[in-house]
Amino acid sequence: MTVSTRPVPEPATADSDDLATLTYEQARDELVAVVSRLESGGATLEESLRLWERGEALAARCQSWLDGARERLAAATAVAPTTDETEDDA
């Protein structure tokens, strides 16, 4: 069994400032890359743990964006009457 001696690149940190600047699409794309890297294998245990932690943080960021979008849609549909309602009033 050969042990890799090449340095392990540091993934982006999962601090809240970094995540807060990511759009939904950026967070999703990075999450896809993290999952792909984990699934490909070959990472050291330490690198796998860092990737996993980053993936968890990215997934939470994506969920936050989706929750916000859902709330905005709910607010918009609660305020705007539907087409059927405006026709009934006429």
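Here are the numbers for the structure shown:
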| read-out | value |
| --- | --- |
| In segment 55-71, residue surrounded by the most Cβ atoms within 10 Å (Cβ to Cβ) [restricted to those that are touching a residue at least 40 places away in the same chain (Cβ under 8 Å) and under 9 Å from TYR24 (Cα atoms)] | ARG61 |
| Boolean, ALA78 is assigned to a helix (DSSP H, G or I) and at pLDDT below 95 | yes |
| All positions within segment 12-31 that are farther than 19 Å from SER48 by Cα, modelled with pLDDT of 95 or more and acidic (Asp, Glu) | GLU25 |
| So VAL34, is it modelled with pLDDT under 95 and among the aliphatic types (A, V, I, L, M) | no |
| Total residues in segment 54-75, condition at pLDDT below 95 and under 18 Å from THR21 (Cβ atoms) | 0 |
| Sole exception among (1) exposed (fewer than 10 other Cβ atoms within 10 Å of the Cβ); (2) at pLDDT 95 or above for PRO9, by number | (2) |
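The values are calculated or read from the model by the stated rules, or taken from the named source; none is laboratory data. The structure displayed is predicted, hence computed values, not measured ones. For neighbour counting, all protein chains shown are included, and Cβ atoms are generated from backbone atoms with ideal geometry for every residue, glycine included.
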